[in-house]
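The values are calculated or read from the model by the stated rules, or taken from the named source; none is laboratory data. The shown structure was predicted, so the numbers you read here are calculated from the model rather than taken from an experiment. As a convention, Cβ positions derive from the backbone with ideal geometry for all residues, glycine included, and neighbour counts pool all protein chains shown. The protein model used for the area step is the full one, side chains on, heavy atoms only, and it has no ligands, DNA or RNA in it. Shrake-Rupley method; radii C 1.70, N 1.55, O 1.52, S 1.80 Å.
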Amino acid sequence: MRPPVKLGPPKLLFGTLYGKSASIQSFANERTKTIYDYVVFGGPPLTTVVFALTDDGVRDLQIGNREVIAVKQFRHGADDFMLELPGGVPQDGETDRQNAQKELLQETGYSLMRLVELTPSPIYFDPASWTTAFQPFLADGCSKDSGQNLDSTEDIEVVKVPIPEWLRLIEDGEVRDAKSIVTTHLAMSVLRGR
């Protein structure tokens, strides 16, 4: 099995507002001799997603009586408010770890005691059509240190939810953000010692 051959450079269909774009690329399938065009949506190469837990005095990765620190904000693609985990896009040479810590503080006002990378490699949102991936993290021992420091386009409500309730919200379809659901699943595996 071989990847299709790219025919010429991609053609930009529209610009890069907020780092997002769409390009069309011509390909040739060597097996079928078919030539076709494919649209690829681009964005930042990496985003971070943080499953953040309040500090309840427990010093190891246990569920305890902690709450998930979530955010509620309007999402243009869904044309609705979404309950999701905090995160963002690394800027100016930041590492994904630095960005996860910064975004948690900026969006929620919480700082973390420990940050655990949940996968060795980023996860793609939709590898068929999107170039962007996300790196999931578990932030442990989070405490409120400041107010929010939001970007000019952000309007975010901080919502703290007990872990069992957060899991119920996912199961009941009230949390509809795929990256938050995947990150929760990975974090719960760590918390349960799997």
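Brief remarks on what is shown
- Residues that are surrounded by 13 or more Cβ atoms within 10 Å (Cβ to Cβ), among the charged types (D, E, K, R) and out of contact with any Leu (no Cβ under 8 Å at 6 or more places or on another chain), drawn from the range 118-162: Lys144, Glu154, Lys160
- Taking the numbered list (1) aliphatic (A, V, I, L, M); (2) more than 19 Å from Tyr124 (Cα to Cα); (3) in a strand (DSSP E or B) in turn, Met1 passes all entries but (3).
- Restricting attention to the range 167-187, the residues being out of contact with any helix residue (DSSP H, G or I) (no Cβ under 7 Å at 6 or more places or on another chain) and open to solvent by less than 50 Å² (accessible area, probe 1.4 Å) number 9.
- Check on Ile69, open to solvent by less than 90 Å² (accessible area, probe 1.4 Å), closer than 24 Å to Val161 by Cβ, among the aliphatic types (A, V, I, L, M) and at pLDDT below 95: no
- Residues of the range 118-136 that are closer than 20 Å to Ala70 by Cβ and either without any contact (Cβ under 8 Å) to a residue 60 or more places away in the chain or out of contact with any Asp or Glu (no Cβ under 6 Å at 6 or more places or on another chain) (or both): Leu118, Ile123, Phe125, Phe134, Pro136.
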